[in-house]
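Readers should treat all values here as calculations from the given coordinates under stated rules, not as data from a laboratory. These figures come from a predicted structure and were not determined experimentally. Quick reminder, even Gly has a Cβ in these numbers, built from the backbone with ideal geometry, and neighbours come from all protein chains shown.
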Amino acid sequence: MKLNLSFTGKFRTNFIKISGSKSESNRLLILRALNPNLYIHNLSDSDDTQLLQKALENNQNIIDIHHAGTAMRFLTAYFATQQGHSVSLTGSTRMKERPIAILVEALQQLGADIQYLEKTGYPPLKINGKKLTKNKISIPANVSSQYISALMLIGATLPSGIEITLKGSITSRPYIQMSLALLQKTGIEATFTENNIVIKPSLQTTKRISLTVESDWSSASYYYSIVALSEIGTKLTLSSFIENSLQGDKVVAEIYKDLGVQTTFNSDESITLEKISTHQTVHLEKNLVESPDIAQTIAVTCFGLGIGCTLTGLHTLKIKETDRLLALKTELEKLGGKVEITDDALTLEKHSISLKNQETKSIATYQDHRMAMAFAPLATKTDIRIENAEVVSKSYPNFWEDLKSIGFQINEI
């Protein structure tokens, strides 16, 4: 599906309700599978969360999680603990190119029975669930935090709990802290001190635990971009968000201060974004090692404003749904930008390109939901076309409808 996007110049409404955080939802689904007395409200409506929920509820021998990387990592750990149950875990062609050896080797240290069905180090996997009796493992700290979270989520079900030593500098620390906080909210004793994580064993109880998922800050980032690219005085309110969020991507509120956007936390757990000034910098420099998922949004916003940026700490972006650094470079250069990338950084040069009245450019999305949504706010500056626009369903199925509701003109071609 290809969509042509333009903007009327005025918001029809200045309120958007965003679904629950995918990151929180997926962690809680694993915890609920291990403790049926956990009740979850405001689950994400994303494809990834629905795929994970279906995989946990259906007693199948072959499970295809398509593009859902979080589901692949979390389910690998979960099924490794399910005694007497064997499953083959597979996914899309791209999923079979995304490494999983570090997680598999860590689980094997605990005694797990996991084999590779095709290429060593990559899905698909054959997992024979068993009782994991060992409890101490070491894992590189600079890998995807999803590997570490996957181990944390199963830790309390092991007879002796789990002790994880993280070797080196930690990537995406907020996601590890999110897992820790959710474990603690469900009554599990868990600590994270320096590079050491300890999860104590915990048996299921009959006590009912009810948790509500906060809305998704990654999804909110696209509205920060829209406001930053709009006129001074533009306001937009989003629900439901809290100031002491567990989500690392909440840092978007701080980052966008430099781009002229003020965030107000309201008493009804909504936030109001307001463009109060022009950007405060001509070259934004940010280390996003703890929030790499908002890198695409920030880079595109800077391009739309005509300013430069240097974004670092992005080494995990090369193994996402696509090589996000290369994809960003390719698509921004279509629009006239000049971009340099390394293994963990992107630099965009300041420019004076006029986007207004440009010929409509077609943005490829590379089966990556964040490419589609990160480029959409440029419609405030020029008409653009988004290819394979349906990919947004991976994390934000209502994205295009929500853009229409605030005044974007969107036509399928």
Angle check, please: helix 217-228 long axis (alpha carbons) against the longest principal axis of the chain (alpha carbons), in degrees 0 to 90, nearest 10. 10 degrees
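Under unit Cβ charges (Lys, Arg +1; Asp, Glu -1), what dipole magnitude, rounded to 20 debye, does the chain have relative to its Cα centre?
It works out to roughly 540 debye.
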Does the stretch 76-151 classify as rounded, prolate or oblate by the C-alpha gyration tensor (a ≥ b ≥ c root eigenvalues; a/c under 1.5 gives rounded; else a/b over b/c gives prolate, otherwise oblate)? oblate
Using a simple charge model, +1 on the beta-carbon of Lys and Arg, -1 on the beta-carbon of Asp and Glu, nothing else, what dipole does the stretch 22-212 show about its Cα centre, in debye to the nearest 20? 260 debye
Taking the Cα atoms only, what angle lies between the long axis of helix 47-57 and the longest principal axis of the chain, rounded to 10 degrees? 20 degrees
From the phi angles alone, apply the Karplus equation (6.51, -1.76, 1.60; θ = phi - 60°) to the stretch 280-296 and give each ³J(HN,Hα) in whole Hz, x where the residue is Gly or Pro. 9, 8, 9, 8, 7, 10, 9, 8, 9, 4, 9, 8, x, 5, 9, 4, 4
Short version: ³J(HN,Hα) in whole Hz for each residue of the stretch 237-247, in order, from phi by Karplus 6.51 cos²θ - 1.76 cosθ + 1.60 (θ = phi - 60°), x for Gly and Pro, what are they? 10, 10, 10, 10, 9, 10, 5, 9, 5, 7, 8
Using a cut-off of under 17 Å, list every residue of the stretch 184-219 whose amide N is near the label point 7 Å from the Cα of residue 163 along the Cα-to-beta-carbon line. 189-202
By the Cα gyration tensor axes a ≥ b ≥ c (a/c under 1.5 gives rounded; else a/b larger than b/c gives prolate, otherwise oblate), the shape of the chain is prolate
Which parts of the stretch 123-139 would a label at residue 198 reach, counting a residue when its backbone N lies under 18 Å from a point 7 Å out along Cα-to-Cβ? 134-139
Could you state the angle between the C-alpha long axis of helix 145-155 and the longest principal axis of the C-alpha atoms of the chain, as a value from 0 to 90 degrees rounded to the nearest 10? 30 degrees
Would you please classify the overall shape of the stretch 22-212 from the alpha carbon gyration tensor, given that a ≥ b ≥ c denote the square roots of the eigenvalues, rounded means a/c under 1.5, and beyond that prolate means a/b larger than b/c while oblate covers the rest? rounded
Among trypsin sites (Lys or Arg not before Pro) in the stretch 78-174, those in a DSSP loop whose Cβ has at most 12 other Cβ atoms within 10 Å are 119, 131
Work from the charge dipole of the chain (Cβ charges, +1 for Lys and Arg, -1 for Asp and Glu, about the Cα centre) and give the residue of 239, 403, 176 farthest towards its positive end. 176
Once the piece of chain linking residue 361 and residue 338 is laid out straight, how much longer is it, given 0.36 nm per residue of separation minus the C-alpha distance between them? 6.7 nm
